[in-house]
Every structure is written in C-alpha cells, then in structure tokens.
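Student: Provided herewith is a single structure, encoded as structure tokens, for subsequent inquiry.
The values are calculated or read from the model by the stated rules, or taken from the named source; none is laboratory data. Keep in mind the model is a prediction, meaning the values are calculated, not measured. Every residue, glycine among them, receives a Cβ derived from its backbone with ideal geometry; neighbour counts consider all protein chains shown.
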Amino acid sequence: MSDEFKVDIASIPLNRAPGISAFMRVRNEGEFLEQAIETHLPYFDEFVIVYNRCTDNSEEIIREFAAKSDKIKAYHYLPHVYPQGSSKHYELPQDSVHSFVNYSNYALSKTTKTICTKIDADHIAVAPRIKFLIDGLRKGFLGEKDFLLFSGINLWREENKMLVKKDMSFSPITGDIGFFHVGPDIYFIRVEQGETLKIKYDKSYRVINGGLMYFHMKGAKKDRGITNYDLDENPQSYYVPVVESEWQNQEALSFNEFVSLHPEFPELKEFCDPNDLIILDN
C-alpha cells in the first residue's frame, strides 16, 4: 500500500492540459469545508481533494461534492500522516508516506492543469476577489516564472459572532499559497513549522502580491484549529508556544472597525461582513 502513496518528485506530471487546478488537503474540516469548496469550485477547471485521518463528517462532505461535480477528484490518503510541527515531522524523510511533505506532494501530483494553487480547507473565498485573480490568469497574466501570492483575513469567533483578530489580522503573504505554473523545480519541502513550496526560495521567480482573497476560519473553529496538531501527543511541537501566545485571549474587532483601520487595502470594499456570508452552527 505504501508504494502507492510515495511520491517521486521527478514523476509529478509536467505534460499538462491548459487550465487552472486547485488542490486541497483535508483532515477533520467539517465545520467550514462545504463553504470552502462551494466558494472556490466555480472558478477552477479541476479541484483535487486529498483527505487523511478524518473522524468527523469531512469524508462524507467530500464524497457528496465529488458525486455532484466532475471537476472534483477525491483521494483517500491511507497512511498515517504526522502533523506539522511534531517530532515525526522533523525526523521522517520527506518522501516517507507518513510525512506531511509527501502528503502535500501527493496532492500536487494528482493535478493535471498547467496552473495550480493550494487551497486550505478552512479558507472561504470572497467571490469578487477570486474572480478578479482567475480572470487575470485566464488572460495570460501569469508568466512561466511568476508566483502570484495571495492572502486572507483571520477571523475569530466570540459568542457566535465573526470578528477579526486585531494583532494577527492577516494570513502571511510570504507562504506557499499562490498561483504558479507547474514545473520540475516546484514541489513541497520541509520547513520548521510545516511545509512550503520550494518555489519560495527560488530567486529566479518574480513574486507578485495578489492581495486579499479569502476569510481564514481557523480562529472561528470551535477548537481554534488546534486539534489537528495532536499537541497532547507532541508536547515539543512547534505549535505549543504558538497556541499559548497567539491563539489565546485574542483581542478582536468588528469587521467594520477592522476595515476602517486598513485604508491601505482598497480591495476590502469587495468583502462583505463575514457575519452575512458565513454559516455558523451552535
């Protein structure tokens, strides 16, 4: 079974059809997974979803979407994948089937279009922004050696209201979330906190800032997105101090307060109040 999931970087297909692929990795994302898929799916030619160790309703949601849309290709990644930041993450070879790096490269390897992007399962796209970026890509805006990064707004739930974290309002725009042409030197590698695309360290690429495109729901989850790090099993995890310092007792702003503080982001006028967009359960 293991050989089926082990990725040889050189085997990632490069002979690709025109179009734009998204790929998503999923573990226990049931709270916002439906909205994450629904808000992204219309804009892509192909949507690859790879899931692992799901004990909630994520697999059911994925299968329902796959049955309704021929854009979606769903894969159950069977080997146990150790979380980012854990000791196993550091110790395992990057091509181990239990490595989060191999898991990520597996998802990339299942795409078939010339342009790709990674979509996290707790990102909810804002329609005008994703349409703007995708329209530009389809007009040929993205060069072969361009990396179009984009970012999002970190939400925080309090008393079933959606707020914006004051001190960490934006997801980093220097990471691995962006559009790129698939090439022989573009694949995931290990970094301290998890994984990133090797393209990030390739100085021959032109990095373009695509601005804000999504709401990041991690802080809106009931567990603040912490459970998937398996911190009880990994007390030395990179994310233990992160959780203690950054994810507790956060000061938060209403969406209107947040927008008023950031006139430097004109694209915010295209965002609606997340309380009008995002479905919360109790």
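Student: Can you tell me which residue within the range 159-196, out of those that are touching a Ser or Thr at 6+ places or on another chain (Cβ under 8 Å), assigned to a loop (DSSP other than H, G, I, E, B) and touching a residue at least 24 places away in the same chain (Cβ under 8 Å), is nearest to LYS113 (Cα to Cα)?
Tutor: VAL182
Student: Another question, then. Is one or more of the residues making up the range 249-260 over 26 Å from LYS88 (Cβ atoms), in a loop (DSSP other than H, G, I, E, B) and among the charged types (D, E, K, R)?
Tutor: Yes: the range 249-260 contains one or more residues that are over 26 Å from LYS88 (Cβ atoms), in a loop (DSSP other than H, G, I, E, B) and among the charged types (D, E, K, R).
Student: Any residue at all in the range 160-169 that's surrounded by fewer than 19 Cβ atoms within 10 Å (Cβ to Cβ), within 16 Å of ILE278 (Cβ to Cβ) and not basic (Lys, Arg)?
Tutor: Yes - at least one qualifying residue is present in the range 160-169.
One line per residue, one yes/no per condition, for (1) among the charged types (D, E, K, R); (2) over 15 Å from the mean Cα position of the chain (by Cα):
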{"position": "LYS113", "(1), (2)": "yes, yes"}
{"position": "ASP122", "(1), (2)": "yes, no"}
{"position": "VAL126", "(1), (2)": "no, no"}
{"position": "TRP156", "(1), (2)": "no, yes"}
{"position": "GLY175", "(1), (2)": "no, no"}
{"position": "ILE208", "(1), (2)": "no, yes"}
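Student: Does ASP56 meet the test of being out of contact with any strand residue (DSSP E or B) (no Cβ under 8 Å at 6 or more places or on another chain), without any contact (Cβ under 8 Å) to a residue 24 or more places away in the chain and under 26 Å from LEU277 (Cα atoms)?
Tutor: The answer is no for ASP56.
Student: Inspect all residues belonging to the range 77-86 and state whether any of them is in a helix (DSSP H, G or I), among the polar types (S, T, N, Q) and over 30 Å from LEU148 (Cβ atoms).
Tutor: Within the range 77-86, not a single residue is in a helix (DSSP H, G or I), among the polar types (S, T, N, Q) and over 30 Å from LEU148 (Cβ atoms).
Residues are listed down the side, and each one gets a yes or a no for (1) among the aromatic types (Phe, Trp, Tyr); (2) within 28 Å of TYR82 (Cβ to Cβ):
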| residue | (1), (2) |
| --- | --- |
| ILE134 | no, no |
| PHE141 | yes, no |
| LYS145 | no, no |
| LEU155 | no, yes |
| LYS165 | no, yes |
| TYR187 | yes, yes |
| GLN193 | no, yes |
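Student: While we're here: Do you know which of the residues in the range 126-145 that are touching a Gly at 6+ places or on another chain (Cβ under 9 Å) and not in a helix (DSSP H, G or I) is surrounded by the fewest Cβ atoms within 10 Å (Cβ to Cβ)?
Tutor: Selected residue: GLU144.
Student: Now a separate question. Answer yes if at least one residue in the range 215-238 is within 21 Å of LYS165 (Cβ to Cβ), within 20 Å of the chain's Cα centre (by Cα) and part of a strand (DSSP E or B), and no otherwise.
Tutor: Yes, the range 215-238 contains a residue that is within 21 Å of LYS165 (Cβ to Cβ), within 20 Å of the chain's Cα centre (by Cα) and part of a strand (DSSP E or B).
Student: Right, another one. Is there a residue in the range 80-93 that is surrounded by 20 or more Cβ atoms within 10 Å (Cβ to Cβ) and among the hydrophobic types (A, V, I, L, M, F, W, C)?
Tutor: Yes, there is a match, as at least one residue in the range 80-93 is surrounded by 20 or more Cβ atoms within 10 Å (Cβ to Cβ) and among the hydrophobic types (A, V, I, L, M, F, W, C).
Student: Now, a different point. Is it fair to say SER2 is small (Gly, Ala, Ser), more than 25 Å from ASP135 (Cβ to Cβ) and touching a residue at least 40 places away in the same chain (Cβ under 8 Å)?
Tutor: Yes; evaluated as a whole, the condition is true for this residue.
Student: Next up: Output yes when any residue across the range 51-65 is surrounded by 18 or more Cβ atoms within 10 Å (Cβ to Cβ) and under 30 Å from GLY143 (Cβ atoms), and no when none is.
Tutor: no
Student: Can you pull out the residues in the range 1-54 that are at pLDDT below 95, within 26 Å of ASP230 (Cα to Cα) and of a type in the set (Ser, Thr, Tyr)?
Tutor: Passing the criteria: only SER2.
Student: Restricting to the range 209-232, and then to whatever is touching an Asp or Glu at 6+ places or on another chain (Cβ under 7 Å) and within 14 Å of ALA121 (Cα to Cα), can you tell me which residue is surrounded by the most Cβ atoms within 10 Å (Cβ to Cβ)?
Tutor: MET217
Student: Moving on. Are any residues in the range 38-53 out of contact with any His (no Cβ under 9 Å at 6 or more places or on another chain) and in contact (Cβ under 8 Å) with a residue 24 or more places away in the chain, and if so, which ones?
Tutor: LEU41, TYR43, PHE44, ASP45, GLU46, VAL48, ILE49
Student: Report whether or not ASP95 is under 17 Å from the mean Cα position of the chain (by Cα), among the charged types (D, E, K, R) and assigned to a loop (DSSP other than H, G, I, E, B).
Tutor: no
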